[in-house]
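Peer 1: Here it is: the structure, laid out below.
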Amino acid sequence: MSRVDPLSALRKFVIDGRLAEVKIESNRTIKIGDATYGAKDKTAWRGRKGKGRHRDLLSIVFFIQNVELATKSYGKYQKLCTEKKINRVVRLEFGKLREYLEGRIDKATELDESKLIGESTDERLQDDEGKDAVAIENEPMGVQIMRQERLITDRNSMLSHPIKSFANVGEMFKKIKEEINVRWEREQKEKQRKKRQGGGKMKRG
């Protein structure tokens, strides 16, 4: 497998809740898990709505590590970047970049997809399908839905063919998503029902 590009590697760690494992070792290297990247490595993210320069990895890592500060007080974030000699991410990019890194969107005009070298579809499918079923079931429902969406999307892309049409895959995806939402609502109602029953028993006691 080709080495994963820095933006895809960072995004995976953010989505998996492992941002703490992303370390700025110095202004020359950044550790993302066991992988080491150059702090000045150019990423697939471009400024000025995709017409500007490619953002370096250090600027994006520093942004996502300080996203709350950057959002609430741009002046303090800007000052911190200046003190540490880090290129800042401009305010207009905050929303899209954060949404992309957190996995809430997969496309953006700022994204240069020619520079993305993610892990293969087969490996991502094995990673999710090989997880312990109990562990997946205990995950928050929102995470389970995202996991199902990603698996279905990957299977959809695997079925792509230059001649044949697999339009029904999209319809299947919608139905499964609806079923997941229905199951979630049913579980919430069941939890509320049990909670009410428990409260009633305590009062009678």
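The values are calculated or read from the model by the stated rules, or taken from the named source; none is laboratory data. Being a predicted model, the structure only gives us computed values, none of them experimental. Ideal geometry is used to build each Cβ from the backbone, glycine not excepted, and the neighbour counts take in all protein chains shown. These accessible areas exclude ligands, DNA and RNA; they are computed on the full protein's heavy atoms, side chains included. Shrake-Rupley method; radii C 1.70, N 1.55, O 1.52, S 1.80 Å.
Peer 1: Against the definition (charged (D, E, K, R), assigned to a helix (DSSP H, G or I) and modelled with pLDDT under 95), how does Arg98 come out, yes or no?
Peer 2: No; evaluated as a whole, the condition is false for this residue.
Peer 1: Would you pick out the residues in the stretch 81-93 that are closer than 21 Å to Ile32 by Cβ and either of a type in the set (Asp, Glu) or part of a helix (DSSP H, G or I) (or both)?
Peer 2: Of everything in the stretch 81-93, those that are closer than 21 Å to Ile32 by Cβ and either of a type in the set (Asp, Glu) or part of a helix (DSSP H, G or I) (or both) turn out to be Cys81, Lys84, Glu93.
Peer 1: Taking the condition open to solvent by 10 Å² or more (accessible area, probe 1.4 Å), outside any loop (DSSP other than H, G, I, E, B), at pLDDT 95 or above and not aromatic (Phe, Trp, Tyr), does Leu10 pass?
Peer 2: For Leu10, the condition - open to solvent by 10 Å² or more (accessible area, probe 1.4 Å), outside any loop (DSSP other than H, G, I, E, B), at pLDDT 95 or above and not aromatic (Phe, Trp, Tyr) - is not met.
Peer 1: From Val4, Val61, which residue is touching a residue at least 24 places away in the same chain (Cβ under 8 Å), under 20 Å from Asp112 (Cα atoms) and part of a loop (DSSP other than H, G, I, E, B)?
Peer 2: Result: Val4 is the single residue among Val4, Val61 that is touching a residue at least 24 places away in the same chain (Cβ under 8 Å), under 20 Å from Asp112 (Cα atoms) and part of a loop (DSSP other than H, G, I, E, B).
Peer 1: Looking at (1) open to solvent by 80 Å² or more (accessible area, probe 1.4 Å); (2) outside any loop (DSSP other than H, G, I, E, B); (3) not polar (S, T, N, Q), which one does Tyr37 not meet, given that it meets all the others?
Peer 2: Among (1) open to solvent by 80 Å² or more (accessible area, probe 1.4 Å); (2) outside any loop (DSSP other than H, G, I, E, B); (3) not polar (S, T, N, Q), Tyr37 violates only (1).
Peer 1: Could you check the stretch 71-104 and list, in sequence order, the residues that are among the hydrophobic types (A, V, I, L, M, F, W, C) and touching a Lys or Arg at 6+ places or on another chain (Cβ under 8 Å)?
Peer 2: Result: Cys81, Val89, Leu101.
Peer 1: (1) hydroxyl-bearing (Ser, Thr, Tyr); (2) in a helix (DSSP H, G or I); (3) open to solvent by 20 Å² or more (accessible area, probe 1.4 Å): which one isn't true of Ser26, the others all being true?
Peer 2: (2)
Peer 1: While we're looking at this one, here's another question. What is the number of the single condition among (1) surrounded by 18 or more Cβ atoms within 10 Å (Cβ to Cβ); (2) within 22 Å of Asp112 (Cβ to Cβ) that Lys49 does not meet?
Peer 2: Checking Lys49 against (1) surrounded by 18 or more Cβ atoms within 10 Å (Cβ to Cβ); (2) within 22 Å of Asp112 (Cβ to Cβ), the one that fails is (1).
Peer 1: Let me ask another. Which pairs do you get when a residue that is farther than 12 Å from Thr71 by Cβ and touching a residue at least 40 places away in the same chain (Cβ under 8 Å), found in the stretch 84-111, comes within reach of a residue that is of a type outside the set (S, T, N, Q) and assigned to a loop (DSSP other than H, G, I, E, B), reach meaning Cβ atoms under 6 angstrom, with the pair 6+ apart or on two chains?
Peer 2: Tyr100/Ala108
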